[in-house]
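Here is the structure we will look at.
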Amino acid sequence: MKKTIFKWAMLSVPALVTAGCATYPDEATTRQIAEKMVITSFSTTPETAKRLAQDASQQICSKIGDAKLTEADAAEVIKLARASIKYPQSGKLVGDWKVGDKLAHDGAGDRIRDGELEKRKENGALCQNCHGLAPDEINVGNVGPSLTGYGAQRGNSEAIAKYTYEKIYNAWAYFPCSNMPRLGATGHLTQEQIAHVVAYLIDPQSPVNKK
Ligand code: HEC
């Protein structure tokens, strides 16, 4: 008798587990719930709401859990990124390295304070927050690779200027879903500002390329 009860009990375990699993929402619903949780955890003002809205590539990059970026997804993010890139009207991708120097070290801009966008004359380029720049600088971040000696190592050919401009405009054109912000595509930097930062990285006179 005891044995039979045990057997029935064992048989009902998988049934219970299956029933339990079946009550989990599917991926799309899980995503909706998660996004709602994130949005409602902020005191939403029009400014924060704008920031929380994900564009098509961000949606691809925000995979749930450990889901890997598929090759097709990566190709789509690269395609969208390439399509987003705009070049300065002047056609000049390399501006003034001195202006670029100031911008690269300005780690502020587009900040929201008390629900309002902080008012500044222009946004900083934020590079210093994540990258080593001129040699001997200590107050720099290391989220991204060091850019010290960038132009000294790669030169300042048209191809390098173009790569650098595009990388800053939309980093995902070369590395889909990376942690580098899409500074031109999001409107954080203007095309002219980006050209100045390009000069700061590749001009032989720039401190980045001095020993
Ligand atoms: C929030 C951090 C962050 C900020 C801000 C940032 N980057 Fe990056 N950057 C990264 C990361 C992470 C990588 C590596 C992944 C990739 O290539 O996208 C990277 C890669 C790069 C590369 C490619 C390096 C190579 O070897 O070709 C360049 C060039 C670059 N960043 C320049 C800049 C410049 C210039 C700025 C400022 C305008 C900037 N980054 C701002 C995080 C950042």
With criteria (1) out of contact with any Phe, Trp or Tyr (no Cβ under 7 Å at 6 or more places or on another chain); (2) in contact (Cβ under 8 Å) with a residue 60 or more places away in the chain, ALA104 comes up short on (1)
Take the residues in segment 77-91 that are surrounded by 15 or more Cβ atoms within 10 Å (Cβ to Cβ) and closer than 16 Å to ALA199 by Cα, then tell me which one is nearest to the chain's Cα centre (by Cα). TYR87
Pairs please, first residue from segment 145-170 and among the acidic types (Asp, Glu), second anywhere and near the ligand (Cβ under 10 Å from one of its atoms) and assigned to a helix (DSSP H, G or I), Cβ atoms under 7 Å, 6+ apart in sequence or on different chains. GLU166/ALA173
I'd like the full set of residues that are part of a loop (DSSP other than H, G, I, E, B), acidic (Asp, Glu) and exposed (fewer than 15 other Cβ atoms within 10 Å of the Cβ), limited to segment 107-134. ASP114, GLU118, GLU122
The number of residues in segment 163-175 that are assigned to a helix (DSSP H, G or I) and surrounded by fewer than 16 Cβ atoms within 10 Å (Cβ to Cβ) is 0
Given the conditions (1) over 16 Å from the mean Cα position of the chain (by Cα); (2) aliphatic (A, V, I, L, M); (3) surrounded by fewer than 21 Cβ atoms within 10 Å (Cβ to Cβ); (4) near the ligand (Cβ under 8 Å from one of its atoms), which single one is not true for ALA104? (3)
Residues of segment 178-208 that turn out to be crowded, with 18+ Cβ neighbours inside 10 Å, in contact (Cβ under 8 Å) with a residue 60 or more places away in the chain and either among the aromatic types (Phe, Trp, Tyr) or in a loop (DSSP other than H, G, I, E, B) (or both), as a count: 7
Could you grab me the full set of residues in segment 138-162 that are at pLDDT below 95 and either under 19 Å from ALA199 (Cβ atoms) or among the aliphatic types (A, V, I, L, M) (or both)? ILE138, VAL140
Looking only at segment 141-162, and only at residues there that are surrounded by 17 or more Cβ atoms within 10 Å (Cβ to Cβ) and within 11 Å of the ligand (Cβ to nearest atom), the one that is nearest to ASP110 (Cα to Cα): LEU147
For ALA83, only one of the following conditions fails: (1) within 11 Å of the ligand (Cβ to nearest atom); (2) without any contact (Cβ under 8 Å) to a residue 12 or more places away in the chain; (3) closer than 18 Å to LEU183 by Cα. What is its number? (1)
Any chance segment 164-184 includes a residue that's within 11 Å of the ligand (Cβ to nearest atom), more than 28 Å from LEU69 (Cα to Cα) and in contact with a Gly (Cβ under 7 Å, 6 or more places away or on another chain)? no
Note down all Cβ pairs under 9 Å where the first residue falls in segment 28-45 and is under 16 Å from ALA67 (Cβ atoms), the second is of a type in the set (Phe, Trp, Tyr), and they're at least six residues apart or on different chains. THR30/TYR24
Given the condition at pLDDT below 95 and either within 11 Å of the ligand (Cβ to nearest atom) or over 15 Å from the mean Cα position of the chain (by Cα) (or both), answer yes or no: does some residue in segment 127-137 qualify? yes
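For every residue, the table says whether it meets (1) modelled with pLDDT under 95; (2) part of a loop (DSSP other than H, G, I, E, B); (3) not polar (S, T, N, Q).
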| site | (1), (2), (3) |
| --- | --- |
| PRO14 | yes, no, yes |
| GLU35 | yes, no, yes |
| LYS79 | no, no, yes |
| TYR87 | no, yes, yes |
| VAL94 | no, yes, yes |
| GLY100 | no, no, yes |
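The values are calculated or read from the model by the stated rules, or taken from the named source; none is laboratory data. Small disclaimer: the values here were computed from a predicted structure and weren't measured. FYI the Cβ positions are ideal-geometry reconstructions off the backbone, even for glycines, and counts take in every protein chain you see.
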